[in-house]
1. Could you list, in sequence order, the residues of the range 138-159 that are without any contact (Cβ under 8 Å) to a residue 60 or more places away in the chain, over 29 Å from residue 65 (Cβ atoms) and surrounded by 13 or more Cβ atoms within 10 Å (Cβ to Cβ)?
2. Does residue 66 satisfy the criteria of being under 24 Å from the mean Cα position of the chain (by Cα), outside any helix (DSSP H, G or I) and farther than 30 Å from residue 133 by Cβ?
3. Check off (1) more than 25 Å from the chain's Cα centre (by Cα); (2) assigned to a helix (DSSP H, G or I); (3) within 30 Å of residue 6 (Cα to Cα) for residue 119 and give me the number that stays unchecked.
4. Identify all residues within the range 14-51 that are farther than 22 Å from residue 172 by Cβ, assigned to a loop (DSSP other than H, G, I, E, B) and touching a strand residue (DSSP E or B) at 6+ places or on another chain (Cβ under 8 Å); write none if there are none.
């Protein structure tokens, strides 16, 4: 569920992509993913059953809107990346390039000396070095493919926004499409 929360003045106080939290039950409005991504540009309407653009003191330029939406797209992409590695420690992630390099080298040579860390892990796990090397390479390829999809979607959105010359088109552009699910 995509929703925003608001205070007693109608100012939006947060944007969420989750099941409705009990603390938000009396102060939320369901929105689209794109509205959630650009929630800071909106306020609750008077009836508190929808959102509307915050009237600007002075209208931002199209370039300013593009910069804002590109930042929102970067934040969305960062969230997608974070979701992929959620629950993984930084220390484990730091070992991934080392493991992948060893797996590739071992696969090419079949020499356990080319994969000392993987050899130790395989022994501790009670699996063959060859099976562990294959698993590491598969996981590395999967992660690389997900990153390529995320970077590609983010780049596509930023390119599209950068080419726009109409502020309303910039604000209504959906930056939430094209990401892996």
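Taken together, the values in this text are just the output of simple stated rules run on the coordinates, not laboratory data. Treat the numbers as computed from the prediction; the structure is a model and nothing was measured. Glycine gets a Cβ as well: all are built from the backbone with ideal geometry, and neighbour counts include every protein chain shown.
1. Those that are without any contact (Cβ under 8 Å) to a residue 60 or more places away in the chain, over 29 Å from residue 65 (Cβ atoms) and surrounded by 13 or more Cβ atoms within 10 Å (Cβ to Cβ): 139, 140, 143.
2. No, not satisfied.
3. Only one criterion is unmet by residue 119, namely (3).
4. 20, 27, 48
Rundown of residues vs (1) touching a residue at least 40 places away in the same chain (Cβ under 8 Å); (2) part of a helix (DSSP H, G or I); (3) under 30 Å from residue 117 (Cβ atoms), yes/no style:
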{"position": "12", "(1), (2), (3)": "no, no, no"}
{"position": "57", "(1), (2), (3)": "no, no, no"}
{"position": "73", "(1), (2), (3)": "yes, yes, no"}
{"position": "83", "(1), (2), (3)": "no, yes, yes"}
{"position": "87", "(1), (2), (3)": "no, no, yes"}
